[in-house]
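The values are calculated or read from the model by the stated rules, or taken from the named source; none is laboratory data. Given the structure is predicted, the values throughout are model-derived calculations rather than measurements. Using ideal geometry, Cβ is built from the backbone for each residue, glycine included, and neighbour counts are taken over all protein chains shown.
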C-alpha cells in the first residue's frame with residue numbers, strides 16, 4: 001500500500017482558515033495515496049508564547065516542565081486539523097508524539113529519536129483514516145515527555161516515514177522550495193528544483209535560513225528517503241512551482257536508522 005507523510009509547519013497552521021486549506025490539500029493527496037500520515041507544528045508563535053510564559057513564572061524553568069508545557073502547542077494543532085478533515089468528509093484521528101511511538105533519549109528540550117513504534121497508528125492507517133501526529137515531541141524509555149528541539153517536527157515526519165516505509169515526505173513551508181539564498185532577503189535567489197541529500201545538507205548548514213531542519217535531512221539520507229519541499233500557499237495551484245525534490249528515486253535502506261544519542 002502506498003504511504004505518504006505530509007508535514008505542515010507553524011506558518012501553515014496559523015489560522016482556522018488555513019486548517020481548512022490544509023484539509024483540502026490532504027484531500028487531494030488522498031486520491032493518490034492509500035495511507036496518509038500528517039505531522040503538524042504548533043500554530044504560529046504558540047511555542048514562543050509558551051516559552052515566554054514559562055520564563056515569566058520562573059527565570060530558569062526546569063527543562064522537564066518546559067517539555068510538559070510546550071508540547072501543548074502541537075496537540076492543539078493536530079486535534080484541530082483532525083476536526084477540519086472530518087468536516088470535509090475525511091475520516092481522521094489525532095495522536096501525540098508519545099502515543100505515536102516516537103521513542104527518544106531522555107535529554108529534555110533536545111531529545112534524539114532512537115526508535116519508532118507506530119503500533120497505535122497502524123490499525124487506523126490501514127483502515128484508510130488520515131492519521132494526524134503532533135510533531136516536535138516524543139517519550140523517553142522512562143515514560144517522560146520529551147521535545148526534539150527547534151525544527152523537531154521535520155524530524156518527526158521523517159522518523160515516521162522511515163518506520164512506515166513511506167514513499168516520501170512532503171514538507172509544506174512558507175517558501176516554494178530550497179534557494180541558494182534566503183528569498184526573503186534576496187528575491188532573485190535561485191530556486192533549486194532537485195538536490196541530493198548531501199547538497200541539501202550543505203545548503204542548510206551554510207545558511208541562517210534553515211528552511212528544512214538538518215537532522216531531518218540526515219535521517220532521510222541514512223534511509224534513502226526522498227523529500228519534497230513545496231509552498232503551502234501554492235499547493236492548491238497546479239500551475240505554480242513544483243518545489244524542490246531532495247533525493248529523487250532512491251533505494252531504501254533495509255533497516256531503519258534514526259538518530260545517535262549525543
- Complete set of residues in the range 156-167 that are buried (at least 23 other Cβ atoms within 10 Å of the Cβ) and part of a helix (DSSP H, G or I): 156, 157, 158, 159, 160, 161, 162, 163
- So which of 89, 101 is more than 16 Å from the chain's Cα centre (by Cα) and within 20 Å of residue 38 (Cβ to Cβ)? 89
- Message: Can you pull out every residue in the range 90-119 that is in contact (Cβ under 8 Å) with a residue 60 or more places away in the chain and more than 23 Å from residue 223 (Cβ to Cβ)?
- Response: 90
- Would you kindly identify the strands (runs of 3 or more DSSP E) lying entirely within the range 21-119 that contain at least 2 residues that are surrounded by fewer than 21 Cβ atoms within 10 Å (Cβ to Cβ)? 113-116
- The one condition residue 17 fails out of (1) loosely packed, with under 15 Cβ neighbours inside 10 Å; (2) modelled with pLDDT of 95 or more is (2)
- Query: What are the residues in the range 142-155 that are out of contact with any helix residue (DSSP H, G or I) (no Cβ under 6 Å at 6 or more places or on another chain), closer than 19 Å to residue 77 by Cα and in a loop (DSSP other than H, G, I, E, B), if any?
  - Reply: 149, 150, 151
- residue 11: passes all of (1) in a helix (DSSP H, G or I); (2) closer than 21 Å to residue 211 by Cα; (3) modelled with pLDDT of 95 or more but (3)
- Do we have residue 139 as buried (at least 24 other Cβ atoms within 10 Å of the Cβ) and either touching a residue at least 40 places away in the same chain (Cβ under 8 Å) or not in a helix (DSSP H, G or I) (or both) here? no
